[in-house]
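Below is one structure, written out as structure tokens, with a few remarks after it.
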Amino acid sequence: MATDPVAVVAQMVDAYNARDLDRFLDCYSPDAVIEDGRGEVLRQGRNAMRMFYGQLFAQSPQLHCVVHQRIHVGPYVIDEETVSGIHLDGFPTEAHAAAVYLVERDLIVSVRMLG
């Protein structure tokens, strides 16, 4: 069965909005990389993601991601997103960004956050 990158990213966003850490992490490869717009690594691997997103989900009961636009090109999914309800030291309460997801074998292997 061929990978459906759009379905994988949609499942990840649903898990994010539910603040379901295990379901969220199951959408990522074990060594997934999250980068900023300049390619600097922000998080690498599920363990680093578990630490960061576990804290984010626990401290942000109103956390919610709205996808304004989604583009699908081969294994890439590009979402224009607004995330609100963020309660984490050092982060704004709302963020607007484009996220470029690379999906391989039904898992997100990399994310580049633009914005």
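Just so you know, all these numbers are worked out from the coordinates, no wet-lab data involved. These figures come from a predicted structure and were not determined experimentally. All Cβ positions, even for glycine, are placed from backbone atoms using ideal geometry, and neighbour counts span all protein chains on display.
Rounded to the nearest 500 deg cm²/dmol, what is the calculated helix-only ellipticity per residue at 222 nm for the chain, with -39500 (n - 2.57) per DSSP H run of length n ≥ 4? Present the calculation step by step, with values, prior to reporting the outcome.
Values: 3 runs with 34 residues, N = 115.
One gets -9000 deg cm²/dmol as the mean residue ellipticity at 222 nm.
I need the fraction of alpha carbon pairs in the chain separated by more than 22 Å, rounded to a whole percent.
Working: 1617 of 6555 pairs.
Looking at the chain, the distances longer than 22 Å represent 25 percent of pairs.
Using mean Cβ contacts within 10 Å as the protection proxy, how do 96-103, 46-53 order, highest first? Display every interim value, and only then the final one.
Details: 96-103: 18.9, 46-53: 15.8.
Top to bottom by mean Cβ count within 10 Å: 96-103, 46-53.
May I ask you to order 17-24, 79-86 by the average number of other C-beta atoms within 10 Å around their residues, highest value first? Don't jump to the answer; show the numbers that get you there.
Values: 17-24: 15.2, 79-86: 17.2.
Descending packing order for the listed peptides: 79-86, 17-24.
Just to be sure I understand: of the beta bridges DSSP finds with both ends in the chain, what percent are antiparallel, rounded to 5?
Details: 28 of 32 bridges.
Expressed as a percentage, antiparallel bridges in the chain total about 90.
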